[in-house]
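Working notes for the structure below.
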Amino acid sequence: MIEFLIGSSLAASAGLNAWMPLFLLGLADRLIPGVQLPAGWSWLSGDIALWILGALLVLEIVADKIPALDSVNDVVQSLLRPAAGGIAFGAGSGAQTLAVSDPSSFFTDNQWVPVVVGIGIALVVHTVKATTRVAANATTGGLAAPVLSTVEDGASFALAAAAIIVPIVAAVLLVGLIVAAVVAGRRLARRRRERNAAQGASA
């Protein structure tokens with residue numbers, strides 16, 4: 001169960017920022033003695049992988065804060081974030097961490113299952129993020145982009161870091177993310193209905 005929680009939190013983190021959980025997993029494997037990635041994912045902590053992931057992370061953080069460019073970035077990331085979510089779930093759920101000492105029993109026979117689950121979770125989170133961003137940019141003229149992006153980056157970092165170190169905290173953050181997404185979706189739907197009603201009245 002704890003492995004699923006770790007993987008889900010990392011995949012959700014990837015749905016917000018593709019490179020954040022992968023970069024943190026690689027760093028944790030490299031720097032924290034109590035964290036060890038499975039053999040199949042150990043490449044994440046290699047020098048080349050960390051430099052590339054770090055550069056891509058910075059690029060996404062910057063691009064996501066520029067109005068209009070953030071929407072283009074979301075389109076590009078429609079494939080990358082789910083893929084990163086699959087890798088993050090697979091690597092994180094099978095890793096030996098401070099919370100999981102023997103992950104070998106988790107998905108032993110079906111190693112592809114965590115990757116598929118991670119893809120699904122990251123895709124859902126990415127879809128909600130991208131939809132919310134388009135609506136927010138439309139109503140604020142793009143002024144909301146830097147603020148929303150900063151909040152999303154913070155949430156992505158918190159989810160990934162907590163998943164690696166304190167999974168219970170990650171569970172709370174994950175529930176909070178779900179609640180926030182539901183509330184944001186309802187508000188956007190209500191504003192859309194109000195706007196349509198106003199347009200109908202003016203016609």
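Taken together, the values in this text are just the output of simple stated rules run on the coordinates, not laboratory data. Because the structure is predicted, anything quoted here is derived from the model rather than measured. Cβ: placed from backbone, ideal geometry, glycine included. Neighbour counts: every protein chain shown.
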Discussion item. Once R0 is set to 22 Å, what does the formula 1/(1 + (r/R0)^6) return for the Cβ-Cβ distance between R30 and T127, expressed as a FRET efficiency to the nearest 0.05?
Written reply: 0.10
Worksheet, complete the sentence: The simple spin-label model distance between V175 and V116, using points 7 Å out along Cα→Cβ, in nm, is 2.9 nm
Response to the item:
Each label sits 7 Å from Cα toward the beta-carbon; between S78 and A39 the label points are separated, in nm, by 3.9 nm
Response to the item:
Expected sort for 122-133, 33-44 on mean C-beta neighbours within 10 Å, highest first, is 122-133, 33-44
Discussion item. Which order do the peptides 46-52, 81-87 come out in when sorted by mean C-beta neighbours inside 10 angstrom, highest first?
Written reply: 81-87, 46-52
Discussion item. Can you give the FRET efficiency to the nearest 0.05 for F4 and I48, using r as the Cβ-Cβ distance and R₀ = 45 Å?
Written reply: 0.90
